[in-house]
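Quick notes on the structure that follows.
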Amino acid sequence: MKLIAPFKQGVSYRLGDGQHIKFWRDNWAGELALETQFPLIFRLAVDKEVRVCDVRMSDADSVSWNVMLRRNRYDWEEQQMNDLAALLDQVVAEEGDDLWVWKWSRTGQFSVKTMYVKLRELETGASSYPIAFPYKVVWCRSIPLNIKFFLWTLMLGRTLTLDRLINMGIALPPVCFMCGMANESTTHLFLHCSKALQLWASLIQSPFIFSNLFGMDSIQEWLVAWPERKGPEITRWIWNLLPVAVIWVIWKNRNDKAFRDREFSVSKLEKEIKCTIWYWCGVWTGRKHYFFRDLMVSWKDILQGDLIR
Ligand SMILES: [Zn+2]
């Protein structure tokens, strides 16, 4: 395990003359480094390694902050800028040199023991990976390899939704391609988007499971919580492939809309999801007793375990 990252998390600075503190990178105002607290503004910073003393302008009776940005801000960046200004307003500098403080001990002094305790916590997952990884769903053998890979990146939070692209410094409007209403993130796109909700509602056909959707904070959590379903083989096959097919088809259609301006409808997506599941079921020998038509006509019966051949 690399030590520098958790070590840096444990250090916070008390501002003195600001000569030794990096304005964006070090942890000196608020709980986290400013680059983490205000990513939209950080990406606009002219000098990402600038020191606090080069940003903070003070004379006998006033202090101002000269945060240099590459361009004018868009509307959706204003909120973070205002929050940053409010935070800087509260900063008080002490006389003399900057001091660093070790957050994970009561005295503020660094010790190997407190570092060790924190590392153990990070390694056992107590603070870095609060949610289990949905291995069963992601490594299901009948899902094609490229889709497994897509799911893997999705679980790692690497899927290039608009919120991530904007954080990476690309200037884009943040609005979801599917509904045009809310900002796009993976949680929105796959769970809470009005189009996604319509799809889940129509495909799951159970008010109880549907209501669970609103309690989920991430797509990963949703996949881990995906319940088992008992019943004939056809029911289990379709039920287990359903969440991945929904995610994959939403992502494909979202990209078609984003890059090729192709329109879609919820009913088209629903049909495509059923086609996808049918295709993935191709590795199951029992499929020969059924027809694709069954998925279109008897979907509800299949999910309830009432269609057996
Ligand atoms: Zn949406």
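How large is the Kirkwood hydrodynamic radius of the chain, counting all unique pairs of alpha carbons, in Å? Roughly 23.1 Å, rounded to one decimal.
Which angle between 0 and 90 degrees, to the nearest 10, do you get for helix 75-89 versus the longest principal axis of the chain when only C-alpha atoms count? The angle comes out at about 40 degrees. Among the GluC sites (Glu not before Pro) in the stretch 52-106, those located in a DSSP loop and surrounded by at most 16 other Cβ atoms within 10 Å of their own Cβ are E94, E95. Distance between the C-alpha centres of the stretch 45-74 and the stretch 162-240: 41 Å, rounded to the whole angstrom.
Starting from the Cα gyration tensor of the stretch 135-304, multiply each eigenvalue by 5, take the square root, and state the resulting semi-axes largest first in whole Å.
Semi-axes (√(5λ), whole Å): 28, 16, 16.
Using equal-weight Cα scatterers in the Debye expression, the normalised intensity of the stretch 191-271 in log10 at q = 0.10, 0.20, 0.21, 0.27 Å⁻¹ is -0.26, -0.97, -1.05, -1.47.
Seen against the Cα atoms of the chain and their longest principal axis, helix 145-155 is set at about 40 degrees.
Model label sites at Q109 and A85, defined 7 Å from Cα along the beta-carbon direction, differ in position by 4.3 nm.
Against the longest alpha carbon principal axis of the chain, how many degrees, from 0 to 90 and to the nearest 10, is the axis of helix 112-123 turned? The helix 112-123 is inclined about 20 degrees to the chain.
Each of S265, L295, V224 was scored by the projection of its Cα onto the charge dipole of the chain, and the greatest displacement toward the positive side belongs to L295; charges sit on the C-beta of Lys, Arg, Asp and Glu.
Taking every pair of alpha-carbon atoms in the stretch 4-123, give the share separated by more than 22 Å as a whole percent. Here the tail beyond 22 Å accounts for 39 percent of pairs. Couplings 3J(HN,Hα) of the stretch 46-51, computed from phi: 5, 10, 6, 9, 4, 8 Hz, in residue order, whole Hz [Karplus 6.51 cos²θ - 1.76 cosθ + 1.60, θ = phi - 60°; x for Gly and Pro].
Between the listed residues L213, F110, W278, the Cα displaced farthest toward the positive end of the dipole of the chain, a dipole computed from Cβ unit charges relative to the Cα centre, is found at W278.
For M57 and D97, what is the calculated FRET efficiency with R₀ set at 22 Å and r taken between the beta-carbons, to the nearest 0.05? Working from the Cβ atoms, E equals 0.70. Our estimate of slack between E228 and R262, defined as 0.36 nm per intervening residue step minus the Cα-Cα distance, is 8.7 nm. Length gained on full extension, M168 to K271: 33.6 nm, using 0.36 nm per residue less the C-alpha separation.
Residue exposure proxy: Y290, Y13, Y279, ordered by other Cβ atoms within 10 angstrom of their Cβ from fewest to most, comes out as Y279, Y13, Y290.
All of the numbers you see were taken from the coordinates with simple rules; none came from a lab. Keep in mind that what you see is a predicted model, and the values were worked out from it rather than measured. In this analysis, Cβ positions are derived from the backbone assuming ideal geometry, glycine residues included, and neighbour counts consider all displayed protein chains.
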